[in-house]
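J.: The following block contains the structure, expressed as structure tokens.
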Amino acid sequence: MITNAYVKKVFEDFCKKNPNEPEYTQACQEILESLELAVEKHPSIEKNHLLERFLEPERFVQFRVTWLDDNNQIQVNRGYRVQYSSAIGPYKGGLRFHPSVNASIIKFLGLEHSLKNSLTTLPMGRGKGGSDFDPKGNSDTEIMKFCQSFMTELYRHIGPDTDVPAGDIGVGGREVGFLFGQYKRIRDEYTGVLTGKGLEFGGSLARTEATGYGLCYFTNAALKTLKNDSFAGKTVVVSGSGNVAIYATQKAQQLGGKVVTVSDSNGWIYDPNGIDVAVLKQLKEVERARISEYAKRVPGSVYTETKAGNPTVWTTKCDIALPCATQNELKIDDAKALVANGVTAVCEGANMPCTLEAAHYLIDNGVIYGPGKAANAGGVATSGLEMCQNSMRLSWSFDEVDSKLKDIMENIYENIYTTQKKYDLKSNDLLTGANIAGFEKIANAMKAQGLV
Ligand code: NDP
């Protein structure tokens, strides 16, 4: 609950300006609740209207995307890009292609990204974009035509020193390749304008693995400091079966944990022997099949459809939970089930997968809660490393990138831990620490640059 008068007024004004944008409002409330402490400690935040400036995007673009499907029928989608802040570097943030995408989702992701990019310590500003286009069910040719049309508008707003998009839900290597090809064709230049590119044309080794691996490095650092513990011997539940989920599963198992669940929007798998990552990758990365197929291929595993009354990933007994699917997938009842089953840590691979109520419940019950803006920052951090390699016209080895990623994730945790101590926060409340640490850097940069 927000109590400080200035912060309250900022939130009321925000709600008036952004009606009917529930995800955006939720992200704003969560951040403002944490920043009250910083506002009280630093009167210059109010004096310089830094909260209002932080919460107002520099630019928000919405555009029409028309393309021809395989039956020569005209299709119309809506595209977006929010360029939130360039205070600490060029705008940076992924593109999401999913039917649920709207202005609220894009702006909430942009806002979350601000703090995330700041926490990485790399010089990256904040942005996000996407479309309500659904790659699922479309042919490769249709996806290429959509991406080309999308980029035919987006190219005006981006550039290697201006705004560098990447992938997110529905945008993987295939889509980034089509987008990059069209940008190059229109601009007639070969630059690192997108990250998550193929290795043949400027991509970085370990970018595919980065978000999932980084999530596990962050979780391990928190477990080590707060519980003198690790993944070794732990039962882990993961939700989702996309890019983040696959590589979180792989790294958690490499670190000695046993991941027993993965899911998609139709249902989930329980595998008491530990998820077979090779099968998961074959199904999701090669065949683009539904997760139900896993149970047909792996003896002993069970598929449960997502349906009211059915058990869920979150009712599975575990020590560590890694939500890696989508926003608001873990609600208060799920948090209660996890706590009742003795969970120690919940760290977010997805962006805002826990509702605010669920996050508070986990923190109040002593669970280590790693918010997505810190725990999943490995993706954007490695995108930063890809930009660096593109600028220097060289490529680092997998191990070099992976070791830099590990250092960055451990430093993010360290930075939050130091902030927690400075503000006398509960040791398991990484949310408040992450929000304050991320905000302070941006606020200082905004103040130093004058009224821009
Ligand atoms: P993908 O598109 O690769 O995978 C998303 C996965 O989540 C799919 O398995 C999808 O299933 C599942 N999913 C979507 N909606 C639901 C739902 N309502 N219930 C259960 N499962 C669902 O996306 P990513 O793995 O790239 O992204 C996942 C999350 O991680 C997002 O929140 C994203 O913003 C965040 N993230 C991603 C980063 C990256 O580098 N890729 C970086 C930082 C954060 P289905 O196939 O049925 O839709």
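J.: Out of all the residues in region 429-438, is one or more out of contact with any Leu (no Cβ under 8 Å at 6 or more places or on another chain), outside any loop (DSSP other than H, G, I, E, B) and at pLDDT below 95?
T.: Yes, region 429-438 contains a residue that is out of contact with any Leu (no Cβ under 8 Å at 6 or more places or on another chain), outside any loop (DSSP other than H, G, I, E, B) and at pLDDT below 95.
J.: What number of residues in region 331-367 are within 12 Å of the ligand (Cβ to nearest atom) and more than 15 Å from the chain's Cα centre (by Cα)?
T.: 2
J.: From PRO43, PRO57, PRO99, which residue is surrounded by fewer than 15 Cβ atoms within 10 Å (Cβ to Cβ), closer than 27 Å to ALA443 by Cβ and not basic (Lys, Arg)?
T.: Just one listed residue meets the conditions, PRO43.
J.: Looking at (1) under 26 Å from ALA210 (Cα atoms); (2) surrounded by 18 or more Cβ atoms within 10 Å (Cβ to Cβ); (3) without any contact (Cβ under 8 Å) to a residue 24 or more places away in the chain, which is the one condition that is false for HIS360?
T.: Every listed condition holds for HIS360 apart from (1).
J.: Taking region 383-441 on its own, how many of its residues are touching a strand residue (DSSP E or B) at 6+ places or on another chain (Cβ under 8 Å), of a type in the set (A, V, I, L, M, F, W, C) and within 23 Å of ASN365 (Cα to Cα)?
T.: 2
J.: Which members of region 185-197 meet the condition of being modelled with pLDDT of 95 or more and in contact with a helix residue (DSSP H, G or I) (Cβ under 9 Å, 6 or more places away or on another chain)?
T.: ARG185, ILE186, ARG187, VAL193, LEU194, THR195, GLY196, LYS197
J.: Counting only residues that are more than 10 Å from the ligand (Cβ to nearest atom) and in a helix (DSSP H, G or I), how many does region 382-401 have?
T.: Residues that pass the stated criteria total 13.
J.: Is it the case that LEU37 is under 17 Å from GLU440 (Cα atoms), surrounded by fewer than 22 Cβ atoms within 10 Å (Cβ to Cβ) and among the hydrophobic types (A, V, I, L, M, F, W, C)?
T.: yes
J.: Got at least one residue in region 76-85 being touching a residue at least 40 places away in the same chain (Cβ under 8 Å), open to solvent by 60 Å² or more (accessible area, probe 1.4 Å) and either aliphatic (A, V, I, L, M) or not in a loop (DSSP other than H, G, I, E, B) (or both)?
T.: Checking region 76-85: at least one residue is touching a residue at least 40 places away in the same chain (Cβ under 8 Å), open to solvent by 60 Å² or more (accessible area, probe 1.4 Å) and either aliphatic (A, V, I, L, M) or not in a loop (DSSP other than H, G, I, E, B) (or both).
J.: Where in region 240-324 are there helices (runs of 4 or more DSSP H), lying wholly inside it, with at least 3 residues that are closer than 20 Å to GLU209 by Cα, open to solvent by 10 Å² or more (accessible area, probe 1.4 Å) and within 15 Å of the ligand (Cβ to nearest atom)?
T.: Fully inside region 240-324 and qualifying: 243-254, 277-281.
J.: Looking at region 203-232, which of its residues are more than 21 Å from ASP168 (Cα to Cα) and part of a loop (DSSP other than H, G, I, E, B)?
T.: ASN228, ASP229, SER230, PHE231, ALA232
J.: Follow-up. Considering only region 363-381, state which residues are in a loop (DSSP other than H, G, I, E, B) and in contact (Cβ under 8 Å) with a residue 40 or more places away in the chain.
T.: GLY366, VAL367, PRO371, ASN376, ALA377
J.: Residue under question is GLY370, and the condition is that it be closer than 14 Å to ALA210 by Cβ and touching a helix residue (DSSP H, G or I) at 6+ places or on another chain (Cβ under 8 Å); does it hold?
T.: no
The values are calculated or read from the model by the stated rules, or taken from the named source; none is laboratory data. What you see is a predicted model, and the numbers here were worked out from it, not measured in a lab. Glycine gets a Cβ as well: all are built from the backbone with ideal geometry, and neighbour counts include every protein chain shown. In case anyone asks, the SASA skips ligands and DNA or RNA and just uses the protein heavy atoms, side chains included. Shrake-Rupley method; radii C 1.70, N 1.55, O 1.52, S 1.80 Å.
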